[in-house]
Every structure is written in structure tokens, then in C-alpha cells.
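Structure first, then comments.
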Amino acid sequence: TTEDLYCIGCGAKLQTTDKTQAGFIPASALEKQLADGGEKLYCQRCFRLRHYNEITDVPVNANTFTQLLNALGAVDALIVNVVDVFDFSGSVIPGLHRFVGHNPVILVGNKADVLPHSVKRRRVTDWLRRQAHAVGLRPEAIQLVSAVKGWQIPELLALIEKERRGRDVYFVGTTNTGKSTLINAIIKETAGVQDLVTTSRFPGTTLDRIEIPLDDGQKLIDTPGIIQTQQIAHILSGKDLKLVSPQKEMRPRVFQLTAGQTLFLAGLARIDFVSGPAGSFTVYVDNELLVHRTKLSNADDFWMKHRGELLAPPSTAELADFPPMHQEEFTPPNRSDIVIAGLGWVNVPGHAVVTVHAPQGIGVGVRPSLI
Ligand code: GDP
């Protein structure tokens, strides 16, 4: 029986009957895991996510999330909002600032390990603060961390301790920001607590939560990841997603460009240098991702001819389901980063007139150079 069994990854109650719903685990896998001791049970979705970096969406009713978010406004707690430093727009929980009410928020920028060393951390936090303000969030503090490397976890815990003032702590985030990895890193850091992870249900919802007891009787509460459909993770298959999500420190790739040249970022995006003085364009994307330079006058033909093959991902097979491309023009007054959410950024010279082509729904924006 799966009566009181919960996935330690997402907190969902395990079930063996409906594979389209949260907490599904094939009966045979469950039996095997139980036979092996059954201390760390994962639903199929979390298992795949952990072992194959494969995203398998469980459809979640938007209504249910609204109920969850409403629950946040009703508690007296510290809210920790985990975001991905590569994908702020894909990390935004719509309306979060309204739901948190008067509760203080700490913004955690995860995946800092893939930022090149030359990137000034202060500039990253300044940018995150501006982005947060733009969506109405006023965080008390911003902390960059790497959940995978365990960077700045003690600093984050100290910050949480300072801001929570005896209250419970709720972790919220969209899926793929690394919230689960971060919670695991915190459990590891606060050694010994591992055995004490418990689960319970949010009142009035079908959503489960994971509670990690703190010394003073309060709790760290991990909420289910909210699915945000504007993420690049939702338009790429698992293998491609792994290819575009930087796994280690990015090596900047520098191109000396004159007006009338184009850079393709595989088949995912295209940066046209329309006019302006010649200068360097520096690309910060996954080290394995193809960056290809052509003449702008040939770019449309090249794109049509090679997309799905030379310019992949996406592959030819995936192109059918891929969102259409949209274009946006930028002319930053100073050297700036053009950010393509989830993919990376390109540092461009001031006064360059640049047209960016990116998949519809994927956020594109400009910020002052991080370097
Ligand atoms: P969740 O859906 O927010 O719980 O996200 P997960 O914890 O499952 O992580 C999503 C993906 O991001 C996984 O592929 C992780 O390996 C990756 N990830 C998580 N934390 C980090 C990090 O600190 N650095 C890097 N480079 N990747 C991370």
C-alpha cells in the first residue's frame, strides 16, 4: 500500500495508478525500492529529473497553485523565493508579491557556479534586485548560491536565521530553478536533520509539503515547484535541455563583428548586428552550444536551410512543436548584456543596433554589463 508514502523529491503522495498525476511510481519500482530499505522514495518524475535530467511535467491545476499561494498570505513566515540566475523571467511566480502580503522575502539566485569568475557578483545581485522590483517584489536581501556546489549555503542559512525571527520559513520557486537541490544542500549542511523530514498537506489543497524541523520548533517548508510554461525547459527535450543549460563555468566566446554580421546560437536564437561601429560581441552560453557567424544578408537563407541540422537544437523532428521565432530590436547606449532567458547572454557594444530572434514566449531583455 502507498498509503503513507511520499516522494522525498517533490513531496507528492506516492501512487501507482495514474502516471499523468503527481506522485506516480510504477508498482514494480515501488516494490523494489521498498525491498531495498525504502528510505528514500522518489516518484517517477523526480527519479527521472535526478538521474536523467529529464523534465516530465505533471499537469497541475492553476487553481491549486492559487490556493497554495493564498496560504502563503495567511501565515506569518519568512518567504524564500528561489530563482535561476539564468532565467529570471522563467523563475517569476506571477503575482507572488500580492500573495506574500506583509511577509518578508529573501531572493535566492541559484546556479551561480556557471557564472564566469570575471562576473562581478554585486552586479548580478543589483540586476536581480531590479528585476524583482519590476515584478513588484521587494526582497529584504538577495543571496547568490550554488546548490550543486554547496556555495554560500552557510551564508544563506545565516541570512534566513537573521530574517525569520522565530518564524517558519517557506521555500517557493518555479520548477527547474534548483529548489529541490538547494533544499537537499541545506539538509546536508544542517547535518543530522535528514531523518526528520516530514510531509503534510497544505490546508484546503491537494498539494503536499515537506517540512524540515528547525532547532526552535519552527520549520523549513518546501512547497511544490510551480510550473512556468515560458521556460526554455518546456520547449526542449531532456537531452537538448542539458545541452543548453550551462553545467559548469561558462567560457566567454568573443567575436569581432562589423555591422551586417549575424551570430546564430544553434537553432535557438539569432543576433543580427544591423548597424553601428565595429566591436566585440561576447557570447555567454553553454560551452558546448554551437555559435555560428554568418553574413546578415545570407542569414535568412542559412537559417531556413540549416535549422534542425547544423543549427541544432532544436532537431528537425522537434521543429514541428517548436514555438515560432519573434524579433526584438535593441540599441543600448552603453556596452550591455542582451539576456535570453534560460540560454545565456551576449555582451554587445554601445550604440550597436541589434535584432534578436528568440522563440516566442522566451524572455529577452537588456541589462548593464555584468563584467
Ligand atoms: P526544482 O525543480 O526547482 O526543484 O529544480 P531541481 O533541484 O530539480 O534542479 C533543476 C535542474 O537544475 C537540475 O538539472 C539541477 O541539476 C540543476 N541545478 C540545480 N541547482 C544547480 C546549481 O546550483 N548549479 C547548476 N549549474 N545547476 C543546478
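The values are calculated or read from the model by the stated rules, or taken from the named source; none is laboratory data. Small disclaimer: the values here were computed from a predicted structure and weren't measured. With ideal geometry, Cβ positions are generated from the backbone for all residues, glycine too; neighbour counts draw on all protein chains shown.
Beta carbons closer than 7 Å, at least 6 apart along the sequence or on distinct chains, never pair a first residue in segment 66-87 that is on the phi > 0 side of the Ramachandran plot and buried (at least 22 other Cβ atoms within 10 Å of the Cβ) with a second that is among the β-branched types (V, I, T) and not in a helix (DSSP H, G or I).
Identify the residue in segment 170-182 that is outside any loop (DSSP other than H, G, I, E, B) and at pLDDT 85 or above and, among all such residues, is surrounded by the most Cβ atoms within 10 Å (Cβ to Cβ). Selected residue: K179. As a summary of the residue check, I160 satisfies the conditions (1) surrounded by 18 or more Cβ atoms within 10 Å (Cβ to Cβ); (2) under 28 Å from Y284 (Cβ atoms) except for the one numbered (2).
Taking L115, is it among the aliphatic types (A, V, I, L, M) and either at pLDDT 90 or above or closer than 30 Å to P252 by Cβ (or both)? Taking the combined requirement at face value, the residue satisfies it. Selection over segment 317-371 of residues that are more than 20 Å from L257 (Cα to Cα) and in a loop (DSSP other than H, G, I, E, B) gives a count of 13. Of everything in segment 9-39, what is surrounded by fewer than 20 Cβ atoms within 10 Å (Cβ to Cβ) and part of a loop (DSSP other than H, G, I, E, B)? Give them in sequence order. If the condition is that a residue be surrounded by fewer than 20 Cβ atoms within 10 Å (Cβ to Cβ) and part of a loop (DSSP other than H, G, I, E, B), then T16, T17, D18, K19, T20, Q21, P26, D36, G37, G38, E39 are the ones that fit.
If you go through segment 104-153 and pick out every residue that is more than 10 Å from the ligand (Cβ to nearest atom) and among the hydroxyl-bearing types (S, T, Y), you end up with 2. Every residue in segment 223-262 that is away from the ligand (no atom under 14 Å from the Cβ) and either crowded, with 23+ Cβ neighbours inside 10 Å or on the phi > 0 side of the Ramachandran plot (or both), please. G260, T262 - these are the residues of segment 223-262 that are away from the ligand (no atom under 14 Å from the Cβ) and either crowded, with 23+ Cβ neighbours inside 10 Å or on the phi > 0 side of the Ramachandran plot (or both). Highlighted here are the strands (runs of 3 or more DSSP E) found entirely within segment 208-302 that include at least 3 residues which are not assigned by TED's automatic domain parsing to the domain that holds A112: 253-257, 261-265, 269-275, 279-284, 291-295.
Applying a threshold of 8 Å to beta carbon distances and a minimum spacing of six or more residues, or different chains, the list of pairs starting in segment 151-164 at a residue that is within 14 Å of I212 (Cβ to Cβ) and touching a residue at least 24 places away in the same chain (Cβ under 8 Å) and ending at one that is among the small types (G, A, S) and in a helix (DSSP H, G or I) reads I153/A185.
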